Structures are given as structure tokens and as C-alpha cells.
């Protein structure tokens with residue numbers, strides 16, 4: 001058993017019922033070989049009329065499940081009736097066998113739910129490159145899952161797709177959108193192989209609003225950019241990253257179908273809030289994490305430039321190991337800023353740890369106070385701001401520290 | 001004391017006398033505050049007529065010493081009379097105080113050796129952002145160094161600029177260049193904050209050939225690309241990286257002044273051999289390293305593309321932690337290949353650990369043998385080859401694993 005993250009919440013949050021959503025979980029046996037008795041697969045059923053959108057890993061070695069979701073979103077025109085996700089095996093780099101597993105699973109869903117194949121979505125997370133024992137390994141449990149469908153048991157679902165996660169991750173939001181109250185609920189998993197510029201590990205958000213697939217797609221991309229694309233644990237991008245939203249259209253509000261509808265901005269805001277909540281839970285459960293670190297870069301040539309500088313700081317092993325040891329080694333922040341190659345006004349470069357100015361005007365702050373800086377980095381929640389003195393570009397990224405436990409977890413993952 | 005790298009050589013190699021080179025080392029006191037009695041500064045004196053060239057960190061927050069070397073190379077037209085390097089403080093991000101230290105040190109060298117200022121070069125390595133106690137801290141010891149100048153004591157010099165290195169690094173080569181035998185000797189330091197696309201930490205190569213500064217510059221860049229630019233320990237690029245070559249012109253061969261001189265290729269080959277020897281010593285002394293890992297990428301769209309894929313594999317914390325634990329987790333090599341975003345023919349992607357094919361044609365090898373793969377990664381010296389099936393591009397990079405000791409060393413560095 002992994003030691004729980006120090007940021008683990010006392011309990012799983014209360015998540016609302018989303019009308020039009022039913023769920024079931026089961027143990028297929030992915031973890032039985034390791035002596036663990038736990039659920040490892042879930043089924044979501046959506047009412048007819050549910051729309052969907054998704055963003056996926058930018059990896060060129062993406063999993064078969066990711067490939068299918070992309071294909072189904074196009075072929076099914078953004079309609080959704082089912083989602084089946086397993087943990088324990090990512091079905092990535094499994095060659096033709098990966099597609100065979102998907103075909104068998106999809107056939108089972110179509111037979112059990114009577115849903116069109118292109119409205120059925122798949123996800124998988126776990127070891128890369130290991131073929132399943134037989135193509136119908138997941139499909140064979142779909143009838144049982146279908147027979148157990150009931151009102152959403154969010155906690156059971158959030159637990160079923162955990163891998164190295166030390167706590168289940170859920171988030172909700174109730175938003176006024178137009179004249180109605182809309183409910184949002186989301187679940188996510190992820191702890192390692194987490195890097196920006198992708199979707200995330202696996203995260204699914206559900207709402208009772210009505211929106212066209214095109215509108216959902218735009219809203220989801222905006223929400224993702226400020227949440228899952230703003231976190232990194234270890235700079236490694238997964239082959240399975242998937243973020244999807246499902247909108248059942250079961251509340252009273254008419255469908256949102258245009259970006260100039262004032263409800264569109266409200267939708268983006270609500271989605272962003274849920275996605276950011278889930279994304280920060282992933283960072284706080286980063287493998288071996290003992291510190292939650294927020295990196296603000298300001299004064300960059302552009303927002304994109306600020307993001308690249310922030311990413312080089314957030315991914316620097318030297319910055320992360322120093323913070324793990326309560327070492328206010330701000331010189332490594334200078335180093336990481338410099339290695340980005342982005343424009344920097346060296347004689348105006350300034351750095352703050354919390355409220356403590358550690359560097360000002362291209363050198364150590366005149367009233368530099370090592371004790372004050374050490375006090376900041378000794379807290380579990382650390383805020384670092386870097387102003388590079390060039391322009392108005394800014395970005396905020398979130399990461400965690402690099403500890404012995406990360407080395408342990410990732411040396412033992414397959415065993 | 002750091003535990004020595006398992007790759008530490010039994011003894012420092014024999015290095016030849018280079019006519020026209022004298023050296024001295026001393027303890028200035030950078031380490032005395034930490035209770036260590038050791039040398040931490042060296043002086044090299046070169047005979048009149050010595051030419052030089054250098055490549056330096058691409059960091060935008062480069063140290064004051066790097067800035068001076070760039071300036072002096074231009075202003076002094078590639079002539080060299082002296083080199084003073086200290087460890088314990090990198091003089092990076094020290095603002096105007098960084099330049100004051102350089103000015104005082106240079107004034108002391110000019111006074112002691114009677115050399116023109118622009119023919120005097122500086123280097124520094126250690127903590128970033130900490131100003132020296134006084135501007136003349138290094139300069140004040142130059143007269144003592146000058147009085148001790150003698151035939152090169154390579155081992156003393158190699159020891160004097162170590163930081164987290166666990167062994168001193170030297171390399172030599174005797175090459176037939178034209179009708180004469182030329183001698184090459186080099187020393188280097190570096191263990192962490194090591195990443196490709198730069199020069200290196202600090203490395204200096206000395207030879208008795210005669211070559212114009214322009215020829216040395218071209219030859220050094222070619223040698224660097226195949227050596228120091230092909231290694232990574234932790235993906236972090238230093239603010240102080242410097243690689244310089246000094247050619248005293250004291251052997252019998254006339255000056256090399258053109259690239260179509262057949263001796264130019266011989267010079268590049270000899271320089272590359274010394275630089276690669278030193279670069280691999282740095283990787284093998286990578287902070288906490290227990291494995292030396294060679295990554296060959298073939299079949300890429302271009303050599304540049306192959307290098308980017310190899311860098312993402314070499315810098316992946318998940319690949320490095322798996323290999324530290326003797327885990328043949330080749331799925332993470334697939335992941336790192338994919339995250340590069342470089343063109344990959346997924347259905348032709350193949351991976352070998354040593355001679356063991358672990359992936360072939362976009363899936364696990366048909367005759368995959370976990371025990372055989374585990375045997376390969378349980379060795380201290382691991383060779384990984386990835387063929388991405390697109391074109392003829394290829395690259396070789398060298399790295400080490402990521403262990404508990406890396407976390408320890410970098411949490412304790414400043415204390």
C-alpha cells in the first residue's frame with residue numbers, strides 16, 4: 001500500500017445526482033493477480049440525447065482507447081450513450097490486439113445497452129505494452145455491469161480507476177446558467193506520468209445542461225487549458241490522457257448552441273472550476289509529493305513564453321528536490337528560468353517565495369532574509385513568483401516536489 | 001562525503017605534459033566554512049602565441065564569468081595567456097557584484113603575469129546567486145598562484161574545481177596530425193545540472209598544436225556536439241557551462257588555418273575523442289548514478305528529430321527510476337518516445353534492451369522474454385535502441401538513472 005498523500009482530503013466530497021446518468025462498478029480481476037480485492041472497471045450509461053466532447057493526449061504513441069474515442073467523436077457526431085473504463089492495463093502499444101479488445105468491449109456494450117457503437121466511449125489506464133489475456137477480457141463483464149446500473153455512485157467509480165493514486169478524486173459545482181441551476185460532477189485519476197500540454201490522465205465531467213457537441217468542445221478546451229494543461233508532476237506525458245465531458249440535457253434550460261449565447265461563458269466558468277479542482281487534486285496526489293507548488297510567471301514576452309518558463313521551473317528536478325528538503329535554493333529557479341531560452345531581462349529579473357523577495361533587479365534581494373525564505377518553503381503549500389521584466393505575458397502552473405517516495409513508487413510499479 | 005560513483009575509475013589517468021602550459025592550485029577558503037580542507041582555485045598560464053576557442057551555456061541567465069569569456073574571446077581575437085577557475089561559488093546572478101569580482105580578478109592576473117586582460121579567461125562553479133564576501137576574494141590569491149606555477153599537475157587541477165563530483169575527471173590523447181605527434185590533455189567537472197544542447201559544466205582541453213582561433217572554434221563545436229551535447233544527467237542546464245580549448249603551438253607542426261587542410265579532420269577527431277571521454281566521465285559521475293545508459297534512436301525523420309526523441313527518453317524520470325530498480329519497463333520508453341511529438345511510425349516502432357528485442361512492429365515482441373530483458377537492465381551498463389520506422393535520422397545520447405541519492409544530494413547541496 002502506498003502512503004497517503006499529506007494532501008489527501010478527510011473524505012470524498014458530496015457529488016450531486018446528474019439526471020440522465022447511471023453507473024456501475026465491478027472487479028474484473030486486473031488487480032487480483034497482485035492479491036488486491038478491488039473494483040477495476042466502471043460503466044456509465046447516459047440518457048438518449050446526451051452530448052459529449054473530449055480532449056486527448058498529444059502523444060504519438062496514444063493508446064487504442066484514445067484512438068477509438070477520437071474516431072467515435074467524429075463518427076457519432078458527439079452523441080454519447082455509454083462509457084467503459086478500466087484500470088490495471090492501459091491498452092497502449094498493444095498493436096492489433098488493442099483494437100481487438102476495443103471491438104469486443106464495444107460489441108458487448110452495444111448488445112447490453114442497445115446503444116449505437118459510435119456513441120460508446122472507452123478509457124484505460126495502467127501498464128503500457130502488455131496485451132490483455134483475451135480480447136473479451138473487459139467485454140465479458142459488461143452484462144454484469146449493465147445489470148447493476150443505478151444512480152451514480154461517484155465514490156465507487158472514482159476508486160475503480162485509481163492506479164498509483166492514494167485517494168479518489170471528485171469535484172462538483174452548482175452553477176446558475178441562464179435561468180436555471182445546472183449541476184456538474186467530475187471524477188479524475190492520476191498521480192504520475194503527468195505533464196502539461198495534454199488533457200490529463202483520465203478525467204470525466206458530467207452535467208445536466210443541454211449543449212451542442214461543438215459548444216461543449218470549445219468550452220472543454222478552454223477549461224482544460226486553465227486546469228489539466230496547467231499541472232505537471234514529472235514532465236512525462238501519458239499515452240492514455242483523456243478528458244471528456246458528458247451533458248445529458250436533462251435540466252430545464254434550452255440547448256446552448258452558440259458562443260455568443262451569454263450562457264456559454266457561464267458554462268466555461270463552471271467547467272473550468274470543476275476541472276481545476278480535479279487537476280489540483282491530481283498534483284496534490286503526485287507520486288511521493290509532500291509539497292504543493294504554485295508557479296506564477298509574470299512580465300514575459302507573451303503568455304506562451306510565460307508558460308514555457310513556468311514549465312521549465314515546474315519540471316526542474318533540482319528545483320523540486322530543493323523544495324522537498326525545505327531548501328530555499330532560489331538560484332535553481334534562476335537556472336530553470338535561464339534554461340528555457342525564453343526572453344528575460346536579466347537586470348530586472350525578480351523572484352518571490354511567498355511574500356519574501358529573494359531576488360530583485362538581477363541579483364539577490366538587498367534585504368535578503370534566508371530564514372524568512374526557508375520558512376516559506378518549509379510549508380506544505382509554496383507559492384513562487386518570477387517576473388522576467390520583458391512584457392505583460394503571464395502563466396500559472398501547479399506542481400509538486402520530487403522525493404524518495406517518487407523513486408520508490410516508480411521502481412516498484414510493475415512488480 | 002558523497003558515496004563514490006560505482007563507475008569511479010581506480011585511478012586518475014596519466015596525462016601528458018603539454019609544452020607551454022604551467023599550472024598552480026590553492027585553497028581560497030570557499031569550502032573552509034564547510035569544514036573542508038581542499039583546493040578550490042586553479043591558475044593555468046599559457047606561453048605567448050597560444051590560441052583558444054570556447055562554447056558556453058545557452059542559458060539566458062549565464063554567469064558573469066561566462067559573459068566575460070565571450071567578451072574576451074572577441075576582444076582578444078582568440079589569444080590566451082591565463083585561465084583562473086574557482087569552485088564553491090558560480091558567480092551567476094550576482095548582478096553588478098559579479099562583474100566587480102571579475103574586474104578585480106583580471107586586474108590581479110594582469111599584474112602578476114603581465115598578460116593583456118583580454119587574453120585572461122575566468123570560470124566558476126558552485127552555488128548560484130550568492131555574492132562573494134568581497135570583490136577581490138579570488139584576485140587576492142592570484143599572486144600566490146603565480147609564484148607556484150610549475151609543469152601541469154593535472155590531478156590537482158581536476159580536484160580543485162570539483163563540486164558534487166565524486167571523482168576527478170581527466171582524459172588525454174596522442175594523435176598523429178600531419179607529420180607530427182600532437183598531445184591533448186583535458187579536465188572536466190560536473191555531476192548535476194547537466195543537460196544537452198549546451199557546452200558542459202566546466203571542461204578545458206589543452207594541446208600543443210598550432211591552430212588559428214577560427215579553426216579551433218569550428219573544431220571545438222564539432223567535438224562538443226558529439227560529446228558534451230550528447231549527455232544529460234537531470235535535464236537541467238547550468239548557468240556556468242563552459243568548454244574551452246587552448247592550443248600552445250609548441251610542437252613542430254605549422255599552424256592549421258583552413259578547414260580543407262587534411263590535418264583539420266585529424267584535429268576534430270582528436271578533440272572529439274578527448275571531449276567524449278570527459279563527457280562520459282561526467283555522466284558516470286551523475287548525481288546518485290548507479291547505471292550508465294546509452295540511448296540510440298534510429299529510423300527518425302532527421303538526425304535532429306532522433307536527438308529530440310533520445311532526449312525525451314534520456315530525461316524521463318519514469319524511465320530513469322525504472323532502470324534504477326532493474327525494471328525492464330520498456331512501456332515507459334514507448335511513452336517517452338510518444339511525448340516527444342516527433343514523427344513515429346507506430347506500427348513499425350521497435351525497441352531493444354541490449355540484444356533483447358522487447359518491442360517489434362508496434363507491439364510487444366512475439367517472443368518477448370521478461371527474464372532476458374531484466375537481465376540486461378540489471379547490468380550497470382545499459383544499451384537501449386529505439387527504431388521509429390520513419391527515415392534515416394539517428395542520434396546517440398548518454399545518461400544515468402535517477403535514484404534516492406540524487407534526491408539526497410540535491411536536498412543537501414547548500415547546507
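Test residue B:212 against the criterion of being closer than 22 Å to residue B:45 by Cβ, in the same structural domain as residue B:173 (by TED's automatic domain parsing), crowded, with 24+ Cβ neighbours inside 10 Å and in contact with a strand residue (DSSP E or B) (Cβ under 8 Å, 6 or more places away or on another chain), and give yes or no. It is false that residue B:212 is closer than 22 Å to residue B:45 by Cβ, in the same structural domain as residue B:173 (by TED's automatic domain parsing), crowded, with 24+ Cβ neighbours inside 10 Å and in contact with a strand residue (DSSP E or B) (Cβ under 8 Å, 6 or more places away or on another chain). I want to confirm something. Restricting to segment A:393-411 and keeping residues that are surrounded by fewer than 23 Cβ atoms within 10 Å (Cβ to Cβ) and in a strand (DSSP E or B), which single residue is nearest to the other protein chains (Cβ to nearest Cβ)? Residue satisfying both the conditions and the ranking: A:393. Does residue A:241 meet the test of being assigned by TED's automatic domain parsing to the domain that holds residue A:50, touching a residue at least 60 places away in the same chain (Cβ under 8 Å), farther than 20 Å from residue A:207 by Cα and touching a strand residue (DSSP E or B) at 6+ places or on another chain (Cβ under 8 Å)? Yes; evaluated as a whole, the condition is true for this residue. Per this entry, residue A:336 is not counted among residues that are surrounded by 23 or more Cβ atoms within 10 Å (Cβ to Cβ), more than 12 Å from chain B (Cβ to nearest Cβ) and within 17 Å of residue A:235 (Cβ to Cβ).
From the list B:274, B:268, B:344, B:319, the one residue that fits, being in contact with a helix residue (DSSP H, G or I) (Cβ under 7 Å, 6 or more places away or on another chain), at pLDDT below 95 and assigned by TED's automatic domain parsing to the domain that holds residue B:173, is B:268. Please tell me if residue B:348 is in a loop (DSSP other than H, G, I, E, B) and within 14 Å of chain A (Cβ to nearest Cβ). So residue B:348 passes the test.
Looking at residue B:62, is it crowded, with 20+ Cβ neighbours inside 10 Å and under 30 Å from residue B:209 (Cβ atoms)? Yes; evaluated as a whole, the condition is true for this residue. In the set A:108, A:80, A:62, only one residue is assigned by TED's automatic domain parsing to the domain that holds residue A:36, modelled with pLDDT under 95 and farther than 27 Å from residue B:340 by Cβ; that residue is A:80. Looking only at segment A:237-258, decide whether some residue is away from chain B (no Cβ under 14 Å), in a strand (DSSP E or B), out of contact with any helix residue (DSSP H, G or I) (no Cβ under 8 Å at 6 or more places or on another chain) and over 24 Å from residue A:138 (Cβ atoms). Scanning segment A:237-258 turns up no residue that is away from chain B (no Cβ under 14 Å), in a strand (DSSP E or B), out of contact with any helix residue (DSSP H, G or I) (no Cβ under 8 Å at 6 or more places or on another chain) and over 24 Å from residue A:138 (Cβ atoms).
So which residues in segment B:312-331 are within 17 Å of residue A:192 (Cα to Cα), more than 7 Å from chain A (Cβ to nearest Cβ) and assigned to a helix (DSSP H, G or I), if there are any at all? Within segment B:312-331, B:312, B:313, B:319, B:320, B:323 meet the criteria. Any residue in segment B:366-377 that is away from chain A (no Cβ under 14 Å), in a strand (DSSP E or B) and either surrounded by 19 or more Cβ atoms within 10 Å (Cβ to Cβ) or in contact (Cβ under 8 Å) with a residue 60 or more places away in the chain (or both)? Checked against the condition, which is being away from chain A (no Cβ under 14 Å), in a strand (DSSP E or B) and either surrounded by 19 or more Cβ atoms within 10 Å (Cβ to Cβ) or in contact (Cβ under 8 Å) with a residue 60 or more places away in the chain (or both), segment B:366-377 yields no hits at all. When restricted to residues that are under 17 Å from residue B:237 (Cβ atoms), more than 14 Å from chain A (Cβ to nearest Cβ) and assigned to a strand (DSSP E or B), segment B:53-87 contains 2.
In segment B:100-133, the qualifying residues are those that are free of Cβ contacts under 8 Å to residues at least 40 places away in the same chain and closer than 27 Å to residue B:165 by Cα, and the one that is farthest from the chain's Cα centre (by Cα) is B:133. The lone criterion from (1) in the same structural domain as residue A:210 (by TED's automatic domain parsing); (2) surrounded by fewer than 23 Cβ atoms within 10 Å (Cβ to Cβ); (3) more than 22 Å from residue A:139 (Cβ to Cβ) left unmet by residue A:29 is number (3). Kindly indicate whether any position in segment B:123-132 is out of contact with any helix residue (DSSP H, G or I) (no Cβ under 7 Å at 6 or more places or on another chain), in the same structural domain as residue B:204 (by TED's automatic domain parsing), surrounded by fewer than 17 Cβ atoms within 10 Å (Cβ to Cβ) and in a strand (DSSP E or B). Within segment B:123-132, none of the residues are out of contact with any helix residue (DSSP H, G or I) (no Cβ under 7 Å at 6 or more places or on another chain), in the same structural domain as residue B:204 (by TED's automatic domain parsing), surrounded by fewer than 17 Cβ atoms within 10 Å (Cβ to Cβ) and in a strand (DSSP E or B). List every residue pair whose Cβ atoms sit under 8 Å apart, with the two residues 6 or more apart in sequence or on different chains, where the first one lies in segment A:205-229 and is closer than 19 Å to residue A:394 by Cα and the second, anywhere, is modelled with pLDDT of 90 or more. Hits for this filter: A:222/A:268; A:222/A:272; A:223/A:268; A:223/A:272; A:226/A:272; A:227/A:272. Anything in segment B:352-363 that is within 9 Å of chain A (Cβ to nearest Cβ) and touching a residue at least 24 places away in the same chain (Cβ under 8 Å)? List them, or say none. Within segment B:352-363, B:358, B:359 qualify. Only a single criterion out of (1) surrounded by fewer than 18 Cβ atoms within 10 Å (Cβ to Cβ); (2) within 30 Å of residue A:251 (Cβ to Cβ) is not satisfied by residue A:142, namely (1).
Checked against (1) within 28 Å of residue B:21 (Cα to Cα); (2) over 19 Å from the mean Cα position of the chain (by Cα); (3) at pLDDT 90 or above, residue B:299 meets all criteria but (1). Residues in segment A:296-311: is at least one more than 9 Å from every other protein chain (Cβ to nearest Cβ), under 24 Å from residue A:371 (Cβ atoms) and touching a helix residue (DSSP H, G or I) at 6+ places or on another chain (Cβ under 6 Å)? Checking segment A:296-311: not a single residue is more than 9 Å from every other protein chain (Cβ to nearest Cβ), under 24 Å from residue A:371 (Cβ atoms) and touching a helix residue (DSSP H, G or I) at 6+ places or on another chain (Cβ under 6 Å).
Here residue A:274 fits the description: in a helix (DSSP H, G or I) and within 20 Å of the chain's Cα centre (by Cα). Kindly check whether there is at least one residue in segment A:5-13 that is over 22 Å from residue A:190 (Cβ atoms) and part of a loop (DSSP other than H, G, I, E, B). Within segment A:5-13, not a single residue is over 22 Å from residue A:190 (Cβ atoms) and part of a loop (DSSP other than H, G, I, E, B). Anything in segment B:88-99 that is within 24 Å of the chain's Cα centre (by Cα), part of a loop (DSSP other than H, G, I, E, B) and more than 22 Å from residue B:159 (Cα to Cα)? List them, or say none. If the condition is that a residue be within 24 Å of the chain's Cα centre (by Cα), part of a loop (DSSP other than H, G, I, E, B) and more than 22 Å from residue B:159 (Cα to Cα), then B:93, B:94 are the ones that fit.
Under the condition of being touching a residue at least 60 places away in the same chain (Cβ under 8 Å) and surrounded by fewer than 23 Cβ atoms within 10 Å (Cβ to Cβ), the residues counted in segment A:79-99 number 1.
Here's the yes/no breakdown for (1) within 25 Å of residue A:407 (Cα to Cα); (2) touching a helix residue (DSSP H, G or I) at 6+ places or on another chain (Cβ under 9 Å); (3) modelled with pLDDT of 90 or more; (4) within 14 Å of another protein chain (Cβ to nearest Cβ):
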position	(1), (2), (3), (4)
A:116	no, yes, yes, no
A:159	yes, no, yes, no
A:198	yes, yes, no, yes
A:208	no, no, no, no
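Within segment B:12-25, can one find any residue that is free of Cβ contacts under 8 Å to residues at least 40 places away in the same chain and either at negative phi or in the same structural domain as residue B:219 (by TED's automatic domain parsing) (or both)? No; the residues of segment B:12-25 include none that is free of Cβ contacts under 8 Å to residues at least 40 places away in the same chain and either at negative phi or in the same structural domain as residue B:219 (by TED's automatic domain parsing) (or both).
The values are calculated or read from the model by the stated rules, or taken from the named source; none is laboratory data. Values in this document were obtained by computation on a predicted structure and should not be read as measured data. Here the Cβ is made from the backbone with ideal geometry for all residues, glycine too, and neighbour counts use every protein chain on show.
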